[in-house]
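The values are calculated or read from the model by the stated rules, or taken from the named source; none is laboratory data. Here the structure is a predicted model, which is why all the values come from computation and not from measurement. Glycine also receives a Cβ, built like all others from the backbone with ideal geometry; neighbour counts cover every protein chain displayed.
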Amino acid sequence: MSTVTLAARDSATMVRRQLKRLLRYPSMTVQLVITPVIILILFVYVFGGTLGAGLGDGLSNGLGGRDAYINYVVPGILLMAAATAATGTAVMVATDMTEGIIARFRTMRISRASVLTGHVVASVIQQLLGIAVVIGIALAIGFRPNATALEWLAAAGLLTLFVVAITWLAVALGLKSPTPEAASNAPMPLVFLPFLGSGFVPTDSMPTALRWFAEYQPFTPIMETVRGLLLGTPIGNSAAIATAWCVGIAAVSYLWAKNTFNKA
Amino acid sequence: MTNLAIAANGLRKSYPDKNGDKNSGKSGGKVVLDGIDLAVPEGTIFSLLGPNGAGKTTTVQILSTLTPADGGTIQVAGHDLAQKPDDVRGAIGVTGQYSAVDKLLTGEENLLLMADLRHLSRREGKRKAAELLERFDLADAARKPAATYSGGMQRRLDLAMTLVGDPRLIFLDEPTTGLDPRSRRTMWQIVRELVAGGVTIFLTTQYLEEADELADRIALLDHGRLIAEGTAEELKRLIPGGHVLLKFPDPSRLDTARHLLGAGTPDPEALTLQVPSDGSVHAIRELLTLLDDHSVDIDDMSIHTPDLDDVFLTLTGRQNQQKETTR
């Protein structure tokens with residue numbers, strides 16, 4: 001067998017290992033879905049009426065208050081779900097690194113990257129399932145997208161790309177963390193990025209300095225693109241910028257993680 | 001001539017000083033291994049013995065490709081460690097001091113994981129896993145998560161995982177540390193069976209008894225240097241051997257005995273005399289007869305034959321005295 005086949009085979013083995021581990025530890029997965037769902041319900045039912053009224057004609061699609069707001073807020077919630085899950089991934093990786101089994105893997109003739117690939121692929125599967133659940137709940141409480149099948153597919157593609165990028169980042173942060181406790185803090189800021197962008201309110205309403213940050217941070221173009229695809233709001237050049245951010249974050253984080261793992 | 005499973009010359013390793021390398025003086029950090037040579041013939045048990053912090057684990061980490069050495073030439077299982085680490089990895093198995101099992105997976109899943117990573121076929125992997133579970137007395141617990149295993153069971157699973165790929169050279173880094181006596185004996189039995197099957201074992205331990213029981217050759221490691229090497233018998237011969245400790249009822253008898261025997265170290269406070277002796281029945285009888293003939297009563301007597309403890313304490317003590325004046 002060639003090196004590439006062996007690497008693929010080792011990676012598949014590691015993905016199976018990681019999926020089994022996730023199944024054995026379901027409370028983590030459940031918690032990662034519950035957090036964004038609570039935020040969704042909080043924002044729709046508590047703040048939604050007032051925030052929806054302030055969205056303006058361009059974003060409310062003729063709907064009023066709460067009905068308009070749930071449509072607006074779902075893309076931000078989806079990214080928040082992914083960011084929350086990234087915390088879980090970082091903790092999983094950091095915990096794994098403290099276990100003797102990683103040293104065992106290092107003394108075996110296997111593809112080294114397969115250990116990390118296993119984490120990433122399993123986490124991406126876990127997160128996409130989580131996002132599907134969040135979308136399902138959103139639909140149940142009044143989320144009404146008007147996307148075509150192709151637009152759904154494009155949105156799913158971009159979300160997958162985003163999840164891959166943020167997962168590699170989480171893996172790198174997990175590897176860099178000295179303890180699992182530290183790893184649970186490192187990705188924290190990511191969870192707040194939807195707030196400091198166009199996730200919960202349009203950026204026009206923010207003070208200048210904050211607005212500048214909100215418009216140029218990576219989450220905003222991704223949320224704008226997903227919103228555009230699902231609800232028909234204008235996308236502009238957001239799609240290209242979003243894709244570039246995702247590919248860039250994924251590439252840098254991948255190299256960072258690989259380098260950190262090989263050095264340790 | 002037999003082939004060497006491990007051949008190392010001038011193995012060196014130092015770690016950067018915590019205070020920063022530049023100002024830490026000539027050594028440029030903490031020297032962990034200071035030029036050690038190892039020659040381990042195939043099919044033997046070689047034991048590296050030393051106190052905590054002597055450099056045992058570092059040696060295993062280097063030889064098992066986990067950590068690069070700073071200097072020295074190393075051949076492991078016939079491959080150059082620096083040039084062909086992957087070939088070395090294909091030939092070795094490592095069971096470390098800290099349990100290297102996936103605690104969320106069951107015992108069986110752990111073994112199947114190893115089989116997959118050793119690229120065995122599905123059927124071969126299953127057969128191997130079942131055989132090892134049986135052999136290591138883990139069949140009943142095969143479907144329980146490893147986290148629920150006792151210390152001894154986890155260590156057995158750990159070793160079973162190492163054996164999945166039939167490695168020819170196995171590193172056991174303090175395999176029985178923290179195990180109860182029964183589990184320790186089980187582990188020893190397993191190690192003996194492995195060597196009977198032609199496997200080479202590189203064993204580190206801080207238990208002299210363990211090295212004495214198992215090892216063909218023993219090397220004593222202290223402060224990053226090998227201070228002695230040989231069979232257990234050879235090492236025991238290295239130090240001034242056994243003695244007889246005599247205890248007397250009063251100082252005058254102690255004094256008489258000392259003059260009679262013409263040798264020995266008296267302890268006037270404890271009223272004891274330590275006389276060099278090989279501890280044989282003949283020598284003891286001669287000693288007692290001599291004392292009896294001169295009506296020197298003794299209260300108590302104990303015979304002490306040298307064991308590896310003496311070798312270890314004598315040799316490491318000598319080193320320590322040069323470095324540590326207090327204590």
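Go through the stretch A:113-161 and count every residue that is within 14 Å of another protein chain (Cβ to nearest Cβ) and surrounded by fewer than 19 Cβ atoms within 10 Å (Cβ to Cβ).
Adding up the residues that qualify gives 1.
With a cut-off of at least 2 residues that are under 19 Å from the mean Cα position of the chain (by Cα) and within 13 Å of chain B (Cβ to nearest Cβ), name the helices (runs of 4 or more DSSP H) lying wholly within the stretch A:1-112.
Because the criterion is at least 2 residues that are under 19 Å from the mean Cα position of the chain (by Cα) and within 13 Å of chain B (Cβ to nearest Cβ), the helices (runs of 4 or more DSSP H) in the stretch A:1-112 that meet it are A:3-24, A:26-41.
This table checks each residue for (1) touching a residue at least 40 places away in the same chain (Cβ under 8 Å); (2) among the polar types (S, T, N, Q).
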residue	(1), (2)
B:A211	yes, no
B:L214	yes, no
B:D222	yes, no
B:T231	no, yes
B:G264	no, no
B:A270	no, no
B:L273	no, no
B:S277	no, yes
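(1) among the aliphatic types (A, V, I, L, M); (2) surrounded by 14 or more Cβ atoms within 10 Å (Cβ to Cβ); (3) in a helix (DSSP H, G or I): which one isn't true of B:L290, the others all being true?
(2)
I'd like to check something: does the stretch B:204-211 contain any residue that is modelled with pLDDT of 90 or more, surrounded by 15 or more Cβ atoms within 10 Å (Cβ to Cβ) and under 29 Å from B:I36 (Cβ atoms)?
The answer is yes; a qualifying residue exists.
Residues in the stretch B:238-271 that are of a type outside the set (A, V, I, L, M), under 30 Å from B:L48 (Cα atoms) and surrounded by 13 or more Cβ atoms within 10 Å (Cβ to Cβ): how many?
Final tally of qualifying residues: 3.
What's the number of the condition A:L210 fails, among (1) free of Cβ contacts under 8 Å to residues at least 60 places away in the same chain; (2) not in a helix (DSSP H, G or I)?
For A:L210, the failing item is (2).
Just the residues that are touching a helix residue (DSSP H, G or I) at 6+ places or on another chain (Cβ under 8 Å), more than 11 Å from B:H243 (Cβ to Cβ) and not in a strand (DSSP E or B), please, taken from the stretch B:253-280.
Hits for the stretch B:253-280 are B:A257, B:L260, B:L261, B:P268, B:L271.
For the stretch B:83-153, list the helices (runs of 4 or more DSSP H) that sit wholly inside it and hold at least 2 residues that are free of Cβ contacts under 8 Å to residues at least 40 places away in the same chain and within 7 Å of chain A (Cβ to nearest Cβ); which are they?
B:85-91, B:107-117
Does any residue of the stretch B:69-78 turn out to be out of contact with any Lys or Arg (no Cβ under 6 Å at 6 or more places or on another chain) and without any contact (Cβ under 8 Å) to a residue 40 or more places away in the chain?
No - not one qualifying residue is present in the stretch B:69-78.
For the stretch B:203-225, which residues satisfy the criterion of being within 9 Å of the chain's Cα centre (by Cα) and assigned to a strand (DSSP E or B)?
Across the stretch B:203-225, the qualifying residues are B:L203, B:T204, B:T205, B:I218, B:A219, B:L220.
Check the stretch B:59-68 and report whether any residue there is away from chain A (no Cβ under 12 Å) and either closer than 23 Å to A:A7 by Cβ or part of a helix (DSSP H, G or I) (or both).
Yes, the conditions are met somewhere in the stretch B:59-68.
Matching residues to (1) at pLDDT below 85; (2) in contact with an Asp or Glu (Cβ under 9 Å, 6 or more places away or on another chain); (3) closer than 26 Å to B:I218 by Cα; (4) not aromatic (F, W, Y):
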{"position": "B:V244", "(1), (2), (3), (4)": "yes, no, no, yes"}
{"position": "B:P249", "(1), (2), (3), (4)": "no, yes, no, yes"}
{"position": "B:E269", "(1), (2), (3), (4)": "no, no, no, yes"}
{"position": "B:L290", "(1), (2), (3), (4)": "no, no, no, yes"}
{"position": "B:D310", "(1), (2), (3), (4)": "yes, no, yes, yes"}
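If you scan the stretch A:165-189, which residues turn out to be part of a helix (DSSP H, G or I) and surrounded by fewer than 23 Cβ atoms within 10 Å (Cβ to Cβ)?
A:K176, A:P180, A:E181, A:A182, A:S184, A:N185, A:M188, A:P189
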